[in-house]
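Chemist: Right, I'll just put the structure down here and ask away after.
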2 protein chains.
Amino acid sequence: MTSRALENKPATNKRQAILDTALNLFVTQGFHGSSTAQIARQAGVATGTLFHHFSSKEMLLNELFLSIKQEFAEDILQVFQGLDLDTHPQRSLKASAQKLWNRAIDWAIANPIKQRFFLLYALSPELAVDVREQAMNSILGFISKLLTQGQAMGEIVTFPLGLMLDNCHGQYLASIRFFTDYPALGQDPLHREASFELFWRSIKA
Amino acid sequence: MTSRALENKPATNKRQAILDTALNLFVTQGFHGSSTAQIARQAGVATGTLFHHFSSKEMLLNELFLSIKQEFAEDILQVFQGLDLDTHPQRSLKASAQKLWNRAIDWAIANPIKQRFFLLYALSPELAVDVREQAMNSILGFISKLLTQGQAMGEIVTFPLGLMLDNCHGQYLASIRFFTDYPALGQDPLHREASFELFWRSIKA
DNA sequence: GTCTATATGATGATAGAC
DNA sequence: GTCTATCATCATATAGAC
């Protein structure tokens, strides 16, 4: 269902089938609970093919994580397409934040398994630490800039930045957990707006 | 270091050694990444002993999760010792909430590995669903009561309860993640108060 | 790129002595 | 309760033909 424009990797169908299958199995059975043999079989390829595309099971996990994180980042950052935050700060910070918030919620609702995968493996010891940090910084760096700017404009409360970043992330995770548990409520304006309001009330000046 | 008064289970030293070792290994290596042989060896017992105390590896995980959750619940609920919420609503809801918040943060800082274990396995497919739900309800039921009462008194904002519960939980998880990443800041009053203020601002009326 | 076949070691769990 | 010894199975990864 997902449009895959701009593929830079020479991804054959088999390679993508392996990634898709691994995603589902890692989420439902855990990393060590899903054997490479099972992944290969369910993807309709041979184990030799799996190890041709991924040098090890760990590398498969790492590449899967990075590809999903990138897909997420590319999607939500489109909210600010053609908008340079360094030179043109937002007039209405709240409106921008709400746009970003809603887009992120929408992505999670549209991609529940990928969201769940991220929830499960963002903290897991199976994932290489540098991969985790690399993925985090690409997104949190952007949010960090938004918060600092908001503080300078007097629209955002001035608590320690690191704490606020983790708090924003935590509230986002809580929201998408709620909406993936109750997908129907994701279309209910009352719940959608409440989820953003809870978030905004905590950080506004 | 932890005082273990009131042990109701006939826990021999070996049984507890297995639980302690499993906790550490499950956190650092994952569930399927830690073999029963390794757990037994590192706990200083034979594999036969492990399977004498726990019928399977999965049961070991389940019992470990429940024991940690219970330990956590017993600790933080002491804040309200001798206080019946049904008959005596709080005069100062904010003060009570802050006491509870601080106690929970303190527990996480004092028990970083148990906290991390919970973070990792609360969502993981390896944990039996009924075990997860049983553990959750015991604590969230209490918070739920607090929120509803606060709403009735006009001190808490009236957003949908389920959403607010997940949000509270999410903000707590974010805070303890921050404080376990930077334990020194856990003693800094500025950061401690900021973490609660972020939380309180989002839910106060 | 993809396959089949396989090497090599580890895995969860059990049996039965003490 | 605790141990040693062991089974049957499954794990990751490789070799080499096509």
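Here, each number is a calculation from the coordinates, and none is a lab measurement. Since we're looking at a predicted model, the values are computed, not measured. So basically every Cβ, Gly included, is an ideal-geometry build from the backbone, and we count neighbours across all protein chains shown.
Chemist: Quick one: how many residues across the range B:22-38 are more than 11 Å from DNA strand D (Cβ to nearest atom), more than 14 Å from chain A (Cβ to nearest Cβ) and over 16 Å from B:PHE65 (Cα atoms)?
Modeler: Total satisfying the criteria: 0.
Chemist: Continuing with this model, one more query. Within the range B:39-57, restricting attention to residues that are assigned to a helix (DSSP H, G or I) and within 6 Å of DNA strand C (Cβ to nearest atom), which residue is nearest to the other protein chains (Cβ to nearest Cβ)?
Modeler: Among those that are assigned to a helix (DSSP H, G or I) and within 6 Å of DNA strand C (Cβ to nearest atom), it is B:LYS57.
Chemist: Given the condition over 29 Å from A:LYS204 (Cα atoms), in a helix (DSSP H, G or I) and aliphatic (A, V, I, L, M), answer yes or no: does some residue in the range A:74-84 qualify?
Modeler: Checking the range A:74-84: not a single residue is over 29 Å from A:LYS204 (Cα atoms), in a helix (DSSP H, G or I) and aliphatic (A, V, I, L, M).
Chemist: What residue, among those in the range A:164-205 that are among the basic types (Lys, Arg) and over 15 Å from A:TRP107 (Cβ atoms), is farthest from the other protein chains (Cβ to nearest Cβ)?
Modeler: That would be A:LYS204.
Chemist: Right, another one. Within the set of pairs 6 or more residues apart or between chains, which connect a residue that is hydroxyl-bearing (Ser, Thr, Tyr) inside the range B:111-139 to a residue that is outside any helix (DSSP H, G or I) with Cβ atoms less than 8 Å apart?
Modeler: Final answer for the pair search is B:TYR121/B:PHE31; B:TYR121/B:LEU127; B:SER124/A:GLY30; B:SER124/B:PHE31.
Chemist: Follow-up question, since we're still on this one. Condition test on B:LYS69, is it away from DNA strand C (no atom under 12 Å from the Cβ) and not β-branched (Val, Ile, Thr)?
Modeler: Against the criterion (away from DNA strand C (no atom under 12 Å from the Cβ) and not β-branched (Val, Ile, Thr)), B:LYS69 qualifies.
Chemist: Taking A:ASN24 as meeting all but one of (1) in a helix (DSSP H, G or I); (2) free of Cβ contacts under 8 Å to residues at least 60 places away in the same chain; (3) surrounded by 15 or more Cβ atoms within 10 Å (Cβ to Cβ), write down the number of the exception.
Modeler: Evaluating A:ASN24 over (1) in a helix (DSSP H, G or I); (2) free of Cβ contacts under 8 Å to residues at least 60 places away in the same chain; (3) surrounded by 15 or more Cβ atoms within 10 Å (Cβ to Cβ) leaves (2) as the failure.
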